[in-house]
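Report on the structure given below.
The values are calculated or read from the model by the stated rules, or taken from the named source; none is laboratory data. Just so it is clear, the structure is predicted and the values come from calculations on it, not from any experiment. Here the Cβ is made from the backbone with ideal geometry for all residues, glycine too, and neighbour counts use every protein chain on show. Note: accessible area is taken over every heavy atom of the protein model, side chains too, but ligands, DNA and RNA are not part of it. Shrake-Rupley method; radii C 1.70, N 1.55, O 1.52, S 1.80 Å.
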There are 2 protein chains.
Amino acid sequence: MSYLGVGVSPGTVPVYHGTKLIVLDRRVRIAELVLRGVSLGLGVLAIVLIVTDTQVKEFFSFQKKAKFTDMKVLVFLVVANGLTVGYSLVQGLRCVVSMVRGNVLFSKHLAWLIFSGDQVMAYVTVAAAAAAMQSGLIGREGQAEFQWMKLCNMYGKFCNQMGEGIATAFVVSLSMVLLSSLSAFSLFRLYGANKNKNAAW
Amino acid sequence: MSYLGVGVSPGTVPVYHGTKLIVLDRRVRIAELVLRGVSLGLGVLAIVLIVTDTQVKEFFSFQKKAKFTDMKVLVFLVVANGLTVGYSLVQGLRCVVSMVRGNVLFSKHLAWLIFSGDQVMAYVTVAAAAAAMQSGLIGREGQAEFQWMKLCNMYGKFCNQMGEGIATAFVVSLSMVLLSSLSAFSLFRLYGANKNKNAAW
């Protein structure tokens, strides 16, 4: 129970010693750590699934190889997930350090930095997953009106693994969405409705 | 200056009479109204641009017509923007009514509702815009490895108008992103760090 009080003068923030807020703050911290771990682990898995996705087909006298770089959007998805992995590693470490040290996030500058980073990463991962899903759908269904033919008839294994990679990236983007709500909570509660001292924006 | 005080007991929330918070609250309210207006207006423009986007080409003896329903993702974009327009209308009216009545948002239930709605709309519009951009890019550049041919050589006017529609939808999604940050601010400041009364989550 004591980690919330360390480094905080009881005179300045007396209410932080209330049980409800201590429990709430601990839950937020644990949820954040779990979600950073999910983003990190599944981000790596999505990259591995997409980067290793190849299939060779023989057409009579010649071979044709499908690989992820044939679809520009998969390259974008790999880059977006690479950024997420690096970002989650740094933020996860920060989270662990602040839990071990027992710091409470009261710095508006740091809270703004985390909030902004999480927002950017959430929208980038959602956009990358949505764009990849769209290409995946065209690959699976084709777009007959424009003579964009189905891939999945020809490259079944390539297509399945691509689907698994995109689904994993989708879960990564969901965890980034939840994280961006958590960091919004951690930032904006510092602008509490009856907190006069730091009200200037 | 008085609208912030109406319906609020000075004894309950005395700090809301501080000049800084009054100015901040008014700025947030005005920014919200402007962004709801932008989402509404540009949402309608995006729908009109996409729905009216057709082009007829003659190939020797037969005609071929490109229309927005040929690309499933454009139908999704129109639906997403339709939802945004309806949602922005309702939220804009709520915003105007609360400004006229001089209410301040202190209800956590309502704040959660607005926050959740804004979050969903922000991510849906970003995903729709990203997916449409991806299809648009395939249309412009083609995907030679899979024999997905360029559209824009054949349907230049169709392609340009589609680009304008997608760009407009992108601006709509940006304003929804900003709105979701504003509503996060309005919600989570109710969980102010030294506000004990309503601290249970």
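Expected output is a single nm value to one decimal: the length gained when fully extending between A:K150 and A:S61, i.e. 0.36 nm times separation in residues minus the C-alpha distance. What is it?
29.8 nm
Any idea what the A:H109 label distances to the other copies are, label 7 Å down the Cα→Cβ vector, nm, shortest first?
4.2
With the solvent-accessible surface defined on protein heavy atoms using a 1.4 Å probe, which residues belonging to the stretch A:52-75 display a reduction of at least 50 Å² in accessible area in the multichain context relative to the isolated chain?
A:D70
Starting at the first residue of the stretch A:90-95, write each ³J(HN,Hα) from the Karplus equation 6.51 cos²θ - 1.76 cosθ + 1.60 with θ = phi - 60°, in whole Hz, x for Gly and Pro.
Those phi angles translate into 4, 5, x, 5, 4, 4 Hz.
Give the nm distances, rounded to one decimal, from B:Q63 to the matching residue in every other copy, measuring between label points 7 Å along Cα toward the beta carbon; shortest first.
5.0
Determine the sum of side-chain charges near A:G86: Lys and Arg each +1, Asp and Glu each -1, restricted to other residues whose C-beta is under 15 angstrom from that of A:G86.
+1
Can you give the FRET efficiency to the nearest 0.05 for A:E141 and A:V120, using r as the Cβ-Cβ distance and R₀ = 35 Å?
0.65
What ³J(HN,Hα) values, in whole Hz, does the Karplus curve 6.51 cos²θ - 1.76 cosθ + 1.60 give for the stretch B:168-174 when θ = phi - 60°, with x put for Gly and Pro?
Running phi through 6.51 cos²θ - 1.76 cosθ + 1.60 with θ = phi - 60° gives 5, 5, 5, 5, 4, 5, 5 Hz.
Given Cβ point charges of +1 (Lys, Arg) and -1 (Asp, Glu) and nothing else, what value in debye, to the nearest 20, does the dipole of the stretch A:2-184 about its Cα centre take?
In total the dipole reaches around 320 debye.
For A:E164, place a label point 7 Å out from Cα along the Cα→Cβ vector, do the same in each other copy, and report the separations in nm, one decimal, smallest first.
Reported distances to equivalent positions: 4.6 nm.
Just going by the charge dipole of the stretch A:2-184, with Lys and Arg at +1 and Asp and Glu at -1 on Cβ, which of A:V75, A:A184, A:M133 is farthest out on the positive end?
A:A184
Tell me, for the rotation carrying A onto B, which chain A residue has the beta-carbon closest to the axis and what that distance is in whole Å.
A:G192, 1
Using each residue's phi in the stretch B:51-57, evaluate 6.51 cos²θ - 1.76 cosθ + 1.60 at θ = phi - 60° and report the 3J(HN,Hα) Karplus result to the nearest Hz, with x for Gly and Pro.
5, 8, 7, 9, 8, 9, 10
Before we go on, tell me the buried accessible area for the A/B pair, both chains summed, 1.4 Å probe, in Å² to the nearest 100.
Counting protein atoms only, the buried area is about 4800 Å².
Per residue, how many Å² of accessible area does the stretch A:143-192 show with a 1.4 Å probe?
That works out to 33 Å² per residue.
Within the stretch B:54-188, what whole-number % of the accessible surface is contributed by carbon and sulfur, with the 1.4 Å probe and all protein chains included in the calculation?
Whole-percent figure for carbon plus sulfur exposure: 69.
Amide H neighbours of B:L151 under 5 Å, counting only residues 5+ apart in sequence or on other chains, H built in-plane at 1.01 Å?
Close amide H contacts, sequence-distant or interchain: B:R140, B:G142.
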